[in-house]
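Peer 1: Sharing a structure, written as structure tokens. Questions coming.
Bear in mind these aren't lab numbers, they're just calculated from the coordinates by the rules spelled out. As the structure is a prediction and not an experimental result, all values here were calculated from the model. Counting neighbours? That spans all protein chains shown, and the Cβs are built from the backbone with ideal geometry, glycine included.
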């Protein structure tokens, strides 16, 4: 078995984010100046963590964010960023490039909640979840290939497995949950995608949650450069690596953004 930590982070702000316009997949905008500062703040916050693997959406706002974070990192600056289209934002079809208010109006006209509505040409939430499941499968295999000895079902002793119900210390520090795990993946993606990903981990992979974490926070929108963290234990069976234990350390943390507010 293999245990590793997963830090899931949303990209920094773009001008489209600021103007409340939908980007989706078809509009590939760079980070704004604020977004660059957010990414720098996230990089500084995470600077002492060692990332053994880094994955990012192949849209430039996610790539830039990942690059800035690694540039600030004292232990992981030379780690390869694996660009994966499976991590792209949800496709919003005809609504891309239009104000978010237009999407709400379209959903209201269809008698649906905005979160559940699929505009013409867009991706359904089920399709986004399928993409995330495919990403997890490929990431799990990558982690096994990179960190387990070839031809063995058991990983080296340097990859300890947590107990059945891991409860890592959460003290508000950047290394919460990862102090005893030498294998750590960073994944940089997008807001709507991360919301679907978190829901899948909690609802369908039966992720355990830290005490006191409210459900409305778990399912809330992730802010720009918001950070989520999970600990995952994989078992290796006939169908490849499968998660046997998933634990949430925190959801949508934004502590690093306080430094930006102080400087404004």
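Peer 1: What's the FRET efficiency of residue 213 with residue 124 using the Cβ-Cβ distance as r and R₀ = 22 Å, to the nearest 0.05?
Peer 2: Values: r = 28 Å, r/R0 = 1.26.
The calculated FRET efficiency here is 0.20.
Peer 1: Still on this structure, please answer the following. Which order do 170, 54 fall in if you start with the one that has the fewest other Cβ atoms within 10 Å?
Peer 2: Values: 170 17, 54 22.
Ranked by crowding around the Cβ, least crowded first: 170, 54.
Peer 1: How do 14, 124 rank when sorted from fewest to most other Cβ atoms within 10 Å of their own Cβ?
Peer 2: Numbers: 14 23, 124 13.
Least crowded to most crowded, the residues run 124, 14.
Peer 1: Each label point is 7 Å from the Cα along the Cα-to-Cβ direction; what then is the distance between the points at residue 221 and residue 100, in nm?
Peer 2: 0.1 nm
Peer 1: Compute the distance in nm between two label points, each set 7 Å from the Cα along the Cα-to-Cβ direction, one at residue 206 and one at residue 20.
Peer 2: 4.2 nm
Peer 1: Moving to a separate point now. Report the label-to-label distance for residue 83 and residue 138 in nanometres (one decimal), using points 7 Å from each Cα along the Cα→Cβ vector.
Peer 2: 1.3 nm
Peer 1: Once the Cα atoms of helix 125-147 and of the chain are each reduced to a long axis, what angle between those two axes, in degrees from 0 to 90 to the nearest 10, is obtained?
Peer 2: That works out to roughly 30 degrees.
Peer 1: With an 8 Å Cα cut-off and a minimum separation of 6 or more residues, compute the relative contact order for region 2-263 in percent.
Peer 2: Values: 502 pairs, mean separation 76.6, N = 262.
It comes to 29 percent, rounded to a whole number.
Peer 1: In degrees, nearest 10, range 0 to 90: what is the angle between the Cα axis of helix 100-109 and the longest Cα principal axis of the chain?
Peer 2: For 100-109 against the chain, the angle is about 80 degrees.
Peer 1: Which FRET efficiency value, to the nearest 0.05, do you get for residue 75 and residue 33 by plugging their Cβ-Cβ distance into 1/(1 + (r/R0)^6) with R0 = 30 Å? Could the numbers behind the result be given before it?
Peer 2: Details: r = 27 Å, r/R0 = 0.91.
My answer for the efficiency is 0.65.
Peer 1: Follow-up question, since we're still on this one. Share of antiparallel DSSP beta bridges in the chain, in percent to the nearest 5?
Peer 2: Values: 21 of 35 bridges.
Of all bridge pairs located within the chain, approximately 60 percent are antiparallel.
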